[in-house]
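K.L.:
Right, I'll just put the structure down here and ask away after.
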Amino acid sequence: MASTYKDVKGDILNNYLNEHWIAKPTANGDLEWFFLGNGITQVDFKPTDKKKTAAYYDGGGSEGTTVTGVTFSLDVTGDRAIGNTAQDIIADMDSETGKSRVVQFRRIEYILNDDNKLQATRAYDGEATVSDIQAGGGAADDNGSFKCTITYNAKPHVLKAKDDAAELDALQNDNPCQNKDILHVDLVPNGSDPN
């Protein structure tokens, strides 16, 4: 029988192409979105699985693992950029508790195609809580630091290019691609799976 294996080369995800946005409600209840990028040097995306293990009689005595829940959080670090609206919103929460720490949070992943055009491939969207805020501090001869953890409060709404092309493209209305202007490239809509 012939092998059906095929080596398909994927597009390597460049971290700097990921865009992170936070929103707070305005006085009339609309969401106003702000790009969290200025001064940010690292974002660690940390899905954490809650697991249950059990050995069943039909498993030969070996334990099997079931994932019973997932928590999505991101550790954000960088330099404090005073006057950047996204950072200022987070910094102003540092002495707050409860609902005052809640934001709408969106992560949009982009790839730079072989034709040098950006394409959104995935997005995570939902309500999130900001914790462990540090907006300043560090060595005297260094920049002030900025750190926080942003954790989705429930399973985020996940959009994928191959399944949700139109909805993923529609995010550009609220969150216009910043890397398009930074890199001076075009953004192409999702007509199909980019891979």
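Rundown of residues vs (1) surrounded by 13 or more Cβ atoms within 10 Å (Cβ to Cβ); (2) at pLDDT below 95, yes/no style:
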{"residue": "Glu96", "(1), (2)": "no, no"}
{"residue": "Val102", "(1), (2)": "yes, no"}
{"residue": "Asp115", "(1), (2)": "no, yes"}
{"residue": "Gln134", "(1), (2)": "yes, no"}
{"residue": "Asn143", "(1), (2)": "yes, yes"}
{"residue": "Asn153", "(1), (2)": "yes, no"}
{"residue": "Ala165", "(1), (2)": "yes, yes"}
{"residue": "Asp169", "(1), (2)": "yes, yes"}
{"residue": "Val188", "(1), (2)": "yes, yes"}
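K.L.:
Sticking with this one: Does segment 64-77 include one or more residues that are of a type in the set (Gly, Ala, Ser) and touching a Lys or Arg at 6+ places or on another chain (Cβ under 6 Å)? Break it down stepwise before answering.
P.N.:
Initial filter on segment 64-77 (of a type in the set (Gly, Ala, Ser)): 64, 69, 73.
Next, only the ones that are touching a Lys or Arg at 6+ places or on another chain (Cβ under 6 Å) stay: 69, 73.
Looking for residues that are of a type in the set (Gly, Ala, Ser) and touching a Lys or Arg at 6+ places or on another chain (Cβ under 6 Å), one finds at least one in segment 64-77, hence yes.
K.L.:
Another question about this same structure. Within the set of pairs 6+ apart or on separate chains, which have a first residue in segment 112-141 that is aromatic (Phe, Trp, Tyr), a second that is open to solvent by 30 Å² or more (accessible area, probe 1.4 Å), and C-beta atoms under 6 Å apart?
P.N.:
Tyr124/Val158
K.L.:
Here's something else I'd like to know. So which of Asn38, Asn84 ends up being at pLDDT 95 or above, crowded, with 18+ Cβ neighbours inside 10 Å and out of contact with any Leu (no Cβ under 7 Å at 6 or more places or on another chain)? Talk me through it step by step, then tell me what you get.
P.N.:
Values: Asn38 fails: crowded, with 18+ Cβ neighbours inside 10 Å.
Only one candidate qualifies: Asn84.
K.L.:
Having 2 or more residues that are over 22 Å from Asn179 (Cβ atoms) is the bar; report the strands (runs of 3 or more DSSP E) wholly within segment 116-168 that clear it.
P.N.:
Numbers: elements: 117-135, 145-152, 157-160.
It comes to 117-135, 145-152.
K.L.:
For segment 53-81, name all the residues that are acidic (Asp, Glu), surrounded by 12 or more Cβ atoms within 10 Å (Cβ to Cβ) and not in a strand (DSSP E or B). Steps first, answer last, please.
P.N.:
First, pick out the residues of segment 53-81 that are acidic (Asp, Glu): 58, 63, 75, 79.
Now restrict to residues that are surrounded by 12 or more Cβ atoms within 10 Å (Cβ to Cβ): 75, 79.
None - no residue of segment 53-81 is acidic (Asp, Glu), surrounded by 12 or more Cβ atoms within 10 Å (Cβ to Cβ) and not in a strand (DSSP E or B), so the list stays empty.
K.L.:
How about segment 7-42: which of its residues are in a strand (DSSP E or B), touching a residue at least 60 places away in the same chain (Cβ under 8 Å) and among the β-branched types (Val, Ile, Thr)?
P.N.:
Those that are in a strand (DSSP E or B), touching a residue at least 60 places away in the same chain (Cβ under 8 Å) and among the β-branched types (Val, Ile, Thr): Ile22, Ile40.
Table: residues versus (1) in contact with a Gly (Cβ under 6 Å, 6 or more places away or on another chain); (2) among the small types (Gly, Ala, Ser).
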| position | (1), (2) |
| --- | --- |
| Ala86 | no, yes |
| Glu96 | no, no |
| Ser131 | no, yes |
| Ala140 | no, yes |
| Gly144 | yes, yes |
| Val158 | no, no |
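The values are calculated or read from the model by the stated rules, or taken from the named source; none is laboratory data. Since the model is a prediction, treat every value here as computed from it, not as a measurement. Quick reminder, even Gly has a Cβ in these numbers, built from the backbone with ideal geometry, and neighbours come from all protein chains shown. All accessible areas refer to the heavy atoms of the entire protein, side chains included, with ligands and DNA or RNA removed. Shrake-Rupley method; radii C 1.70, N 1.55, O 1.52, S 1.80 Å.
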